[in-house]
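Q: First, the structure itself, so that you have it in front of you.
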Amino acid sequence: MGILDDKTGLDDNILSRNETRGESVHVGTVDEAEDQLKRHLGNRQIQLIAIGGSIGTSVFVSISNGLIAGGPGSLFLAFILYAGVMGLVNNCMAEMAVFQPVTGSFIRMAGKWVDSSLGFMAGWNFFLYEALLIPFELTALSLVLSFWRDNIPVAAIISICLVLYFCINAFAVKYYGEVEFWLSSGKILLLVIVFCFTFVTMCGGNPHHDAYGFRYWREPGAFAEYITTGSLGRFEGFLGSLWSAAFVIVGPEYVAMVAGETKLPRRYLKAAFKTAYWRFAIFFVGSALFVGIVIPYNDKDLIAVLSGSSGGAGTAAASPYVIAMNNFGISVLPDITNALLVTSIFSAGNAYTYCSTRSLYGLALDGRAPKFLRRCTKHGVPIYALLCVMAFSTLAFLNLSSSTASVLSWFVNLITAAQIIDYIIICMTYIFFYAACRAQGLDRQSLPYVGWFQPYSAWIGLVFMSIIVCTYGYSIFLPGKWDIKSFFTYYAMVLVAPVLFFGWRILHRTKFVKPYEADLVWVAPFIDAYEAAYDEDVVGFRREILRIFGIGKRGKADNTNSAS
């Protein structure tokens, strides 16, 4: 492998370090700077975190905004387009993360391979993105609970969730992984329920015995007008659906953030990144298709709920599936949907707590955040970083004094811009990584994961995401639409990101990393040696699931067994 061939003595060094600590190799520590995290996350946990970690209220509720704006046809096409570009971003992230599975992932890669200033910007942008998602989900959770009763003690709900998030994340990461495994399973069950509901009812399996099929694509139509009328209005409707897709479809960053705590990163991360393409197609694009089937974009109840003229905005009552269930007079199923939606939202908030904590910890490792944030418990939990995230999460209490709709709107717009900036950074980092590989003679075909159509997919992702983040709030520049509050909610992070980059660059006089100077060795030799010395049973995902229910033997598995 060229520059990575010299690994003499690494296996013995790692073994001796682990023996000194009284740890077996399968617990996993890979020394790199002052990183104290432990590799506890197993295959099934990584797979479910990859599948369900990014699925929250947006897939079941917020997607309705895109349906109203563009209609079912625009929504479906917009989700296909955005999911396709997200596949390109995933393609970039997978190659880098499997090769260098470091704590902090793309945040530290940006600082290592592009510019220290970009690493600073990436880390704080991602931290703000994840940390803002926590109060968003907590606000949504309190709303979803109001589906059953109006006098929900919001402060109590938020407080309980914050305590639970802290407890889950304050112990060894394997407990976080186990909680996420079961909560993510609930998300998948909910998706299966609403997909089956759509298919059965559209074929006539409903109380009205009405085989409505794709009726709503014909009446009121597949493409709605938005802001203006005519062809321009329908195009703006498509853009409205595209903005909705930009908020709903996420993914590769969550898989990458667990890289530093994965037992067998080469094997498990590779399998998890591969499942992302199926997740984009089935969960996100499938949701866009089924939402447009089950309810028309001009449904009076849907418009009334989302506009705030009737109760239920942000709850399961705003879900197109629940509205369709109520239209058919179906009972019980809406309550089951809402109950699973509660667990889904709680799981999403838990995942955001984890990711924001690790991003802050990754910043501290490279000196881009206060050093005290490096402090970890004996179980490998960055406790001070977690406490900072918990303090930030108290923004959810804004819901007590502001209207729910306003709070949710602020969070959605701020979060979406920061999210897209993360994808721009991933693509940019890959372009520099690709140039470094060529300059240093590293054959990419020798890497554990090789992205396809590179570097073109990185360039396409970079250009597309840059256009999205610049035009996301274009509507406020139309005649009569200007609003200073809306401008800052759309473009606050777009303005903050360059300040972070150039501020750090000027203060520390950083420069772009030259391709032939980029550190492509980093932790790769340690990971190779660690995995070669790994002594725990290695099984595939399906076998591991069966073992939970006592099915299958627990003997030593063949290490060549696939992890997928």
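Q: Which residues does a label at Leu400 reach in the range 110-143, if reach means a backbone N under 17 Å from a point 7 Å past the Cα toward the Cβ?
A: Under cut-off, by backbone N: 135-136, 138-143.
Q: Please list the radius of gyration and Dmax for the range 342-389, considering alpha-carbon atoms only, with Å as the unit.
A: Every Cα atom of the range 342-389 included, Rg and Dmax give 11.8, 38 Å.
Q: Need one number: nm distance between label points at Lys300 and Ala391, each 7 Å from Cα along Cα→Cβ, rounded to one decimal.
A: Once both label points are built, they end up 5.2 nm from each other.
Q: Additional query: Using Cα centres only, tell me the gap between the range 320-340 and the range 112-143 in whole Å.
A: Rounded to whole Å, the Cα centres lie 33 Å apart.
Q: For Phe147, Phe127, Phe199, write out the residues from largest to smallest accessible area, computed with a 1.4 angstrom probe and no ligands counted.
A: Phe199, Phe147, Phe127
Q: Now, a different point. Distance in nm between label sites at Asn326 and Ser446, each 7 Å beyond Cα in the beta-carbon direction?
A: It works out to 6.2 nm between the two label points.
Q: Continuing with the same structure: Per residue, how large is the accessible surface of the range 148-280? Use a 1.4 angstrom probe and give square angstrom.
A: 42 Å²
Q: Per the Kirkwood formula on distinct C-alpha pairs, the Rh of the range 172-243 is how many angstrom? Provide the component values of the computation, followed by the final result.
A: Details: mean 1/r = 0.0635 Å⁻¹.
Answer for the range 172-243: a Kirkwood hydrodynamic radius of 15.8 Å.
Q: FRET efficiency for Ala439 and Val200, Cβ-Cβ distance as r, R0 = 56 Å, nearest 0.05?
A: Details: r = 57 Å, r/R0 = 1.01.
The value I calculate is 0.50.
Q: Looking at Ser287, Ala256, Thr228, which one has the Cα that reaches farthest to the positive end of the dipole of the range 201-347 (charges on Cβ: Lys, Arg +1; Asp, Glu -1)?
A: Among Ser287, Ala256, Thr228, the one farthest towards the positive end of the dipole of the range 201-347 is Ala256.
Q: Quick one: which of Lys38/Lys485; Lys274/Lys481; Lys481/Lys511; Lys270/Lys378; Lys300/Lys485 span more than 32 angstrom between C-alpha atoms?
A: From Lys38/Lys485; Lys274/Lys481; Lys481/Lys511; Lys270/Lys378; Lys300/Lys485, over 32 Å: Lys38/Lys485; Lys274/Lys481; Lys481/Lys511.
Q: Kindly identify the range 78-226 as rounded, prolate or oblate by the Cα gyration tensor criterion: order the square roots of the eigenvalues as a ≥ b ≥ c, call it rounded if a/c is under 1.5, otherwise compare a/b with b/c, prolate if a/b is larger, else oblate.
A: Oblate, because a/c is 1.5 or more while a/b does not exceed b/c.
Q: Additional query: So how far, in whole Å, is the C-alpha centre of the range 65-107 from the one of the range 459-488?
A: Rounded to whole Å, the Cα centres lie 19 Å apart.
Q: Right, here's the next one. State the extension gain, in nm to one decimal, for the chain segment bounded by Ser486 and Phe512, taking 0.36 nm per residue of separation less the distance between their alpha-carbons.
A: Working: separation 26, 0.36 × 26 = 9.36 nm, distance 3.44 nm.
Extra length from Ser486 to Phe512 when fully extended: 5.9 nm.
Q: How far, in nm, would the chain grow between His208 and Ala339 when pulled straight, counting 0.36 nm per residue and subtracting the alpha carbon separation?
A: 44.6 nm
The values are calculated or read from the model by the stated rules, or taken from the named source; none is laboratory data. All values reported here derive from a predicted model rather than from experimental measurement. When we count neighbours, we look across all protein chains shown, and the Cβ atoms used for this are built from the backbone with ideal geometry, even at glycine. Accessible surface areas use protein heavy atoms only, side chains included; no ligands, DNA or RNA. Shrake-Rupley method; radii C 1.70, N 1.55, O 1.52, S 1.80 Å.
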